[in-house]
Amino acid sequence: MTSEIDRFRRAAKRLKKAHAAGEAEALARAGAVLPPERLEPLRHVDALHVIAGEEGAESWPRLKLRLELRAATPEQRLRRLREALENGFHWATREVLAVSPELARADLGVAAALYDVAAWRAAVDADPAVATREIEGATPLCRLAFSRWCHGDGDAGEMLALADLLLAHGADVNAGKPEAGGSGHMLSPLYGAIGHGDNMALGRWLLDCGADPNDGESLYHSTELGHHEGLRMLLEAGARNEGTNALLRALDFEDIEPVRMLLDAGADPNEGVADHASGQPPMKASALHQAARRMRSGAVARLLIEAGASLTAPWDGRSPYATARIFGNAEVASVIAKAGGETTLDAQDAIIAEAAEGRVPKGRLEPEKLSPETRTMLRGIIHLPGALPRVKALVAAGMEWDRPDGMGVPPVQIAGWEGLSEIMAFLLSLGPDLGHKNSYGGDLLGTILHGAANAPDRETRDHLGCVRLALDAGLPLYRGYLVFTGSEEIAGILAEYAEAHPERVEENL
């Protein structure tokens, strides 16, 4: 495999050299594959793209993956296929199946993730018990529900037919699979469909078949989808906000409708925060505090107050009004003040409030006197609109800029996960610990790639720019990262970097 990839690399170098010399054949070859704006000058990555096109591949990352897959063991290919199906890396799924089409039926878990109802009909005809037998630690229905193939080439009709088949042979719609990491927390098929896969058709089927809407996950994650369908169907099925933190999660987004829907369904704005079964440290704000610190509008604050939100309940020792001030949310602070909730700021909070307005305070923060929550405040404001001036002002005032949160995630990793390249560049300029691994096991580059696939605002963020910054900063490029992305553009940047800096490519985390 290496010699074959090297042969194509050398061919790309020759093409680039010939193109620069104006040779007619090279000009014609490049022009047949690339748009005019990528011809002058012809970069190495573009020459690789031409070679890939001549070999029948849509991109160099696809050709490189294809060659690597041909050299891989069947077990390695199968692992790539499983990862691609669950993470929604559809281009990688297609490449694995192009190289090894037989892997589509390597085991019944893969067949379930690919919605292969014919394979499953044959399997249950031979042994009906397979419909409930775990595959790699998860039931067949979980393998179906956690697949994102519905957004790839999967057929919805076959998906639902397979779900019907499994149900008819004893599948339990509430039997989950363990969360990765060993916490013991179970993730239901309903969460797989709605929260993980944004698969509304399967989510509706599960609810119609008796799935418990109060599974501790689905309601919370339904607020992240950018639409209301999942939230609506869960509430109609009897989902309750109590113990889920769904209302607080809805307040992470500037969309008042999910907040209204949850309140109308009985959510208590003063409930506070429930501990999560996975062991993740919870947010510690009431709904009104959450609206203040997430820079929600005055209309949202008024809605919460009308629903009975307390104006005096403390969070981290602060009233909702003080919280609004230290986060620079003047609109919510004004609404709370008009409702009678104005309070006085202490000296440290007055410094933070000044920085929140984007001005470098005259006073100096004393981090050791701040609460643990406040000491990691940068982590909580990075994703907010217009955050960069506030981040700079807080850093200038003495706020700790590389302090990890309760899950070991420092501010620079949050900026990368969110795809906020300007903020990430500023934090990198301060010299953070680039070798730091968070509690999920991810370094900065891995966290960026995870965000590129999962961050709610990923479509409008600059994860590609963050990848470039991480590579320029000297982060190692683990070989698994070369395909651990649903974006071919990002995969192309990683492949280009690996070509230029083979000494920086490492085998394992």
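The values are calculated or read from the model by the stated rules, or taken from the named source; none is laboratory data. Computed from a predicted structure; not experimentally measured. For neighbour counting, all protein chains shown are included, and Cβ atoms are generated from backbone atoms with ideal geometry for every residue, glycine included.
For the stretch 284-296, filtered to residues that are out of contact with any Lys or Arg (no Cβ under 8 Å at 6 or more places or on another chain) and in a loop (DSSP other than H, G, I, E, B), the residue that is surrounded by the most Cβ atoms within 10 Å (Cβ to Cβ) is Arg296.
With respect to Ala299, determine if the residue is over 19 Å from Gly272 (Cα atoms) and in a helix (DSSP H, G or I). Considered against the rule, which asks whether it is over 19 Å from Gly272 (Cα atoms) and in a helix (DSSP H, G or I), Ala299 comes out as yes.
Exactly one residue out of Val412, Val395 is under 18 Å from the mean Cα position of the chain (by Cα), surrounded by 18 or more Cβ atoms within 10 Å (Cβ to Cβ) and of a type in the set (A, V, I, L, M, F, W, C): that is Val412.
When the residues of the stretch 76-85 are filtered to those that are surrounded by fewer than 18 Cβ atoms within 10 Å (Cβ to Cβ) and not basic (Lys, Arg), which remaining residue is farthest from His196 (Cα to Cα)? Applying the filter and picking the extreme gives Gln76.
From the list Leu471, Leu449, Leu434, the one residue that fits, being surrounded by 19 or more Cβ atoms within 10 Å (Cβ to Cβ), under 22 Å from Ala498 (Cα atoms), touching a residue at least 24 places away in the same chain (Cβ under 8 Å) and more than 16 Å from the chain's Cα centre (by Cα), is Leu471. When each of Ala355, Ala313 is tested for being in a helix (DSSP H, G or I) and on the phi < 0 side of the Ramachandran plot, the lone residue that passes is Ala355.
The rows are residues; the columns are (1) crowded, with 17+ Cβ neighbours inside 10 Å; (2) assigned by TED's automatic domain parsing to the domain that holds Ser487; (3) closer than 18 Å to Leu81 by Cα.
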{"position": "Val110", "(1), (2), (3)": "yes, no, yes"}
{"position": "Ala123", "(1), (2), (3)": "yes, no, no"}
{"position": "Ala145", "(1), (2), (3)": "yes, no, yes"}
{"position": "Gly152", "(1), (2), (3)": "yes, no, yes"}
{"position": "Ala161", "(1), (2), (3)": "no, no, no"}
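At pLDDT 90 or above, within 25 Å of the chain's Cα centre (by Cα) and under 30 Å from Glu179 (Cβ atoms): does that describe Leu263? No, not satisfied.
For the residues Gly441, Gly431, the requirement of being in the same structural domain as Asp472 (by TED's automatic domain parsing), at pLDDT 95 or above and not basic (Lys, Arg) singles out Gly431. Summed over the stretch 439-471, the residues that are in a helix (DSSP H, G or I) and not polar (S, T, N, Q) give a count of 20. Looking only at residues in the stretch 35-91 that are farther than 23 Å from Cys150 by Cβ and among the basic types (Lys, Arg), the one that is modelled with the lowest pLDDT is Lys64. In the stretch 95-180, counting only helices (runs of 4 or more DSSP H) that sit wholly within it, the ones holding 2 or more residues that are under 24 Å from the mean Cα position of the chain (by Cα) span 108-113, 140-145. Considering the stretch 339-382, the residues that are surrounded by 13 or more Cβ atoms within 10 Å (Cβ to Cβ), touching a helix residue (DSSP H, G or I) at 6+ places or on another chain (Cβ under 9 Å) and among the hydroxyl-bearing types (Ser, Thr, Tyr) include one that is modelled with the highest pLDDT, namely Thr343. Looking across the stretch 409-438, just one residue is closer than 11 Å to Ala470 by Cα and part of a loop (DSSP other than H, G, I, E, B), and that is Leu434.
Of all residues in the stretch 381-392, those that are assigned to a helix (DSSP H, G or I) and under 19 Å from the mean Cα position of the chain (by Cα) total 1.
Regarding Ala26, is this residue more than 18 Å from Gly480 (Cβ to Cβ) and either acidic (Asp, Glu) or at pLDDT 90 or above (or both)? For Ala26, the condition - more than 18 Å from Gly480 (Cβ to Cβ) and either acidic (Asp, Glu) or at pLDDT 90 or above (or both) - is met.
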